[in-house]
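Visitor: Please read through the structure below; I'll follow up with questions.
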Amino acid sequence: MSYDFLMDPTLRFLKKFIPKKLFEGLQPSYHYLMAFLAAVLYRFPADKIIVIAITGTKGKSTSTEILSAIFEAAGHKTALSNTVRFKVGSESRPNLYKMSMPGRLFTQKFLRQAVTAGCTYAIIEITSEAARFHRHKFIELDGLIFTNLAPEHIESHGSYEKYLAAKLSIATSLARSTKKRRIIVANADDVEGAKFLNMNVSEKYPYSLTHAAPYTLAHHEMSFTLDGQTLRANVSGTFNLYNILGAATFAKTHGVSIEVIKTALEQFKGVRGRVERIDAGQNFTVIVDYAHTKESLESLYKIFDGARKIAVLGNTGGGRDKWKRPAMAKVAEQYCDEIILTNEDPYDEDPHAIVEEMRQAIQKKPVQIILDRREAIAAALRKARPGDVLLITGKGTDPYICGPNNSKLPWDDATVVREELLKIKN
């Protein structure tokens with residue numbers, strides 16, 4: 001099984017000429033050295049700014065965006081690096097790397113730009129893959145938010161335990177940070193939350209749904225209680241309530257008042273590719289979402305309980321986490337009325353074989369296979385009746401469909417939906 005798509009071009013070149021065992025042995029040292037050289041080149045910018053990392057399986061990008069919005073409402077200038085975009089102050093550009101945390105020189109350069117721009121906070125998403133390849137090294141952290149953990153990237157890491165260890169290594173980096181205040185905020189409702197809260201840091205703050213009770217979740221919004229006040233947000237789902245609680249808990253450790261948090265949440269409009277509503281005047285609901293685990297897929301479908309649902313479902317990319325294919329197909333079968341299975345990121349694997357593994361898991365609901373993702377979306381739009389909910393999952397804001405031999409087809413689910421809706425209206 002090949003994970004060459006996770007490597008930078010230099011490594012892919014060297015792999016052709018170095019014996020496999022030697023290559024695998026040298027790879028960690030190579031990444032560590034590159035992280036150090038990048039920090040030296042950009043003069044250790046993390047020392048000059050408050051750096052907050054966010055990690056977990058789900059909710060990282062949304063949590064970074066919510067925390068940034070809260071700090072901005074409090075009058076601070078922020079820098080932001082996540083799966084969706086990179087932002088320094090008012091300047092923003094999409095993340096086209098298909099990596100949540102790009103490696104080598106990128107993050108150190110980003111932090112230096114944030115310092116130069118006068119940002120108070122840099123909020124960065126750190127994944128297990130980033131930790132595995134030492135992309136977070138030589139970044140002195142001030143804080144960490146842990147969202148949750150579910151099985152993911154198992155074939156890449158080797159086991160769930162190694163996946164967890166990669167996440168915990170980020171917390172260990174915080175514990176070893178030279179910063180005076182080292183703060184962990186962790187989801188106490190998650191089975192792994194206690195491991196993060198047991199880290200040797202100066203301040204630890206758990207958060208839980210009990211802290212938000214009573215709360216009400218609707219299709220388009222939510223209300224909840226925090227510090228005795230009722231807050232509202234224009235996002236939906238239990239998972240987004242967790243994301244809000246993590247960000248709000250951290251913001252309070254830096255003196256942000258509940259009134260400011262309330263204002264920020266009322267103004268927050270959500271994140272592209274995360275339960276993103278596409279409205280072109282149609283009489284049914286269209287949602288684009290990343291949903292890359294069976295837990296996140298189930299949480300998304302539950303938002304729309306009671307509605308007739310059509311799923312456009314891809315799955316984990318080729319060459320990794322094959323066990324998720326039937327599991328996610330069964331979730332779609334449980335919650336949706338019609339299912340269209342389609343292509344996502346096959347890489348060097350046969351897309352027909354990927355989709356067939358999903359199809360075999362669906363026994364009781366109508367299922368259609370349309371490998372062309374645009375045609376799958378168009379077919380789902382044509383099927384939709386007034387009041388239906390069409391849920392297009394797996395890509396979110398991913399900028400490419402990745403195929404064989406490192407090929408990339410430019411892509412954006414939301415744009416394709418709008419284009420196909422326009423054709424229907426005309």
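Visitor: Which one of S128, S173 is modelled with pLDDT under 95 and not basic (K, R)?
Guide: Numbers: S173 fails: modelled with pLDDT under 95.
Answer to the check: S128.
Visitor: Continuing with this model, one more query. Restricting to the stretch 255-269, and then to whatever is surrounded by 15 or more Cβ atoms within 10 Å (Cβ to Cβ) and in contact (Cβ under 8 Å) with a residue 60 or more places away in the chain, can you tell me which residue is nearest to S100 (Cα to Cα)?
Guide: Filtering first and then ranking leaves F268.
Visitor: Could you tell me which residue of the stretch 87-111 is surrounded by the most Cβ atoms within 10 Å (Cβ to Cβ), considering only residues that are in contact (Cβ under 8 Å) with a residue 24 or more places away in the chain and in contact with a Leu (Cβ under 9 Å, 6 or more places away or on another chain)?
Guide: Q108
Visitor: For the stretch 27-59, which positions are open to solvent by 20 Å² or more (accessible area, probe 1.4 Å) and either closer than 27 Å to L245 by Cα or in contact with a Gly (Cβ under 6 Å, 6 or more places away or on another chain) (or both)?
Guide: I50, K58, G59
Visitor: If we keep just the residues of the stretch 274-290 that are over 15 Å from A380 (Cα atoms) and surrounded by 19 or more Cβ atoms within 10 Å (Cβ to Cβ), which is farthest from the chain's Cα centre (by Cα)?
Guide: For the stretch 274-290, the residue satisfying everything is E276.
Visitor: Being touching an Asp or Glu at 6+ places or on another chain (Cβ under 9 Å) and at pLDDT 95 or above is the filter here, so list the residues in the stretch 383-410 that pass it. Before you say what the answer is, go through the steps one by one.
Guide: As a first pass, look at the stretch 383-410 and keep what is touching an Asp or Glu at 6+ places or on another chain (Cβ under 9 Å): 383, 388, 391-406.
Answer for the stretch 383-410, where residues must be touching an Asp or Glu at 6+ places or on another chain (Cβ under 9 Å) and at pLDDT 95 or above: K383, D388, L391, I392, T393.
Visitor: Now for a separate question. List the strands (runs of 3 or more DSSP E) that sit entirely inside the stretch 186-275 and contain at least 1 residues that are closer than 30 Å to D388 by Cβ. Give the steps one after another, and end with the answer.
Guide: Working: elements: 203-207, 222-226, 229-233.
Result: 222-226, 229-233.
Visitor: Do we have E91 as at pLDDT 95 or above and under 13 Å from the mean Cα position of the chain (by Cα) here? First the steps, then the outcome.
Guide: Numbers: at pLDDT 95 or above: yes; under 13 Å from the mean Cα position of the chain (by Cα): no.
No; evaluated as a whole, the condition is false for this residue.
The values are calculated or read from the model by the stated rules, or taken from the named source; none is laboratory data. Since the model is a prediction, treat every value here as computed from it, not as a measurement. Every residue, glycine as well, gets a Cβ built from its backbone with ideal geometry; the counts of neighbours run over all protein chains shown. Ligands, DNA and RNA are stripped out before the accessible areas are found, and what is left, the full protein with its side chains, is counted by its heavy atoms. Shrake-Rupley method; radii C 1.70, N 1.55, O 1.52, S 1.80 Å.
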